[in-house]
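Notes follow the structure.
Coordinate-derived values only; no laboratory data. Because the structure is a prediction, the values reported are computed rather than measured. So basically every Cβ, Gly included, is an ideal-geometry build from the backbone, and we count neighbours across all protein chains shown.
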């Protein structure tokens, strides 16, 4: 990813390097898949991918749609194509059988939209929020639960394999915001299940506050907070809410009404 956005190691931008890195990861995964199957054919082997929702692929100005479709192709579709058909982005019209169907399931990470904006001096710039977002996370990300539903349905239709939401969460000091976020995204997961997606599980990111790449320890993603001076663990209200939902496998009407989500779709 950092080959595209230049926000961390290896500290350079290169589309070719990004595609090579993607190909190398998927080749390594396919090799591991076949080796594991040789050892134990009944093993379930899958891969995890972050799927940002490039919102302007479907809406927005013409130039933004074009840019978003290209970015989505490189960032999302290349992976889906290689898993589904064995198509290699560097070898047009050639499909490698040993790359095809090398995931028994897929892990689906989702946090936000990817939104292209125009700024003076730049042809494009990328924000992980929408222009009208009034509330953002500590990562300066907006909240767009519908992108989770659309992404899940896309992967379901293309791969037709079980999907696990392996990461979904937000960094915030406002625990009401966290609870509302969880509820809104679980509603979209339920919607995808109702529409035929085979969702094997949902995992909130993360269990505890953590070190977050370039941002250090400031962002608070955890259901369980950490006082880094004393190492005390703090059970947040969202933790108890999430526990009740997980144990009962349902969201109560009271919770929906509390956050004014009773009419959510």
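When the P(r) of the range 115-185 is calculated, the portion above 15 Å amounts to 65% of the C-alpha pairs. On full extension, the segment bounded by residue 97 and residue 254 gains 51.4 nm, given 0.36 nm per residue less the C-alpha separation.
Could you tell me how many degrees, from 0 to 90 and to the nearest 10, lie between the Cα long axis of helix 237-248 and the main elongation axis, the longest principal axis, of the Cα atoms of the chain? Taking Cα atoms only, the helix is inclined about 70 degrees.
Radius of gyration (Cα atoms) of the range 143-255, expressed as a multiple of 2.2 N^0.38 Å: 1.14. Any idea what angle helix 15-39 forms with the longest principal axis of the chain, computed on alpha-carbon atoms, 0 to 90 degrees, nearest 10? Here the helix axis deviates by roughly 90 degrees.
Helix content alone sets the calculated 222 nm mean residue ellipticity of the chain: runs of n ≥ 4 DSSP H residues at -39500 (n - 2.57) each, divided across all residues, give -12000 deg cm²/dmol. Computed from the C-beta positions of residue 195 and residue 11, the FRET efficiency with R₀ = 51 Å rounds to 0.75.
The equivalent ellipsoid that matches the C-alpha gyration tensor of the chain spans semi-axes of 31, 24, 20 angstrom, in descending order.
Relative to the globular-protein estimate of 2.2 N^0.38 Å, the Cα radius of gyration of the range 6-70 stands at 1.60.
Which FRET efficiency, nearest 0.05, do residue 58 and residue 135 yield, Cβ-Cβ r, R0 22 Å? Plugging the Cβ-Cβ distance into 1/(1 + (r/R0)^6) gives 0.40. Using alpha carbons only, how many degrees (0 to 90, rounded to 10) separate the axis of helix 62-72 from the longest principal axis of the chain? Tilt of helix 62-72: around 80 degrees. Looking at the range 1-114 alone, DSSP beta bridges between its own residues are antiparallel in about 10 percent of cases. Where both bridge residues fall in the range 54-184, DSSP classifies roughly 50% of the beta bridges as antiparallel.
Determine the shape class of the range 1-132: with a ≥ b ≥ c the square roots of the Cα gyration tensor eigenvalues, call it rounded for a/c under 1.5, and otherwise prolate if a/b is greater than b/c, oblate otherwise. Judged from the Cα gyration tensor, the range 1-132 comes out prolate (a/c at least 1.5, a/b above b/c). With both partners inside the chain, how many of the DSSP beta bridges are antiparallel, as a percent to the nearest 5? The answer is about 40 percent antiparallel.
Available extension along the chain between residue 158 and residue 214 is 16.8 nm, counting 0.36 nm per residue and deducting the alpha carbon span. When a/c is below 1.5 the answer is rounded, else prolate if a/b is larger than b/c, else oblate, so apply that to the range 56-209 with a ≥ b ≥ c taken from the square roots of the Cα gyration tensor eigenvalues. Note, shape of the range 56-209 comes out oblate.
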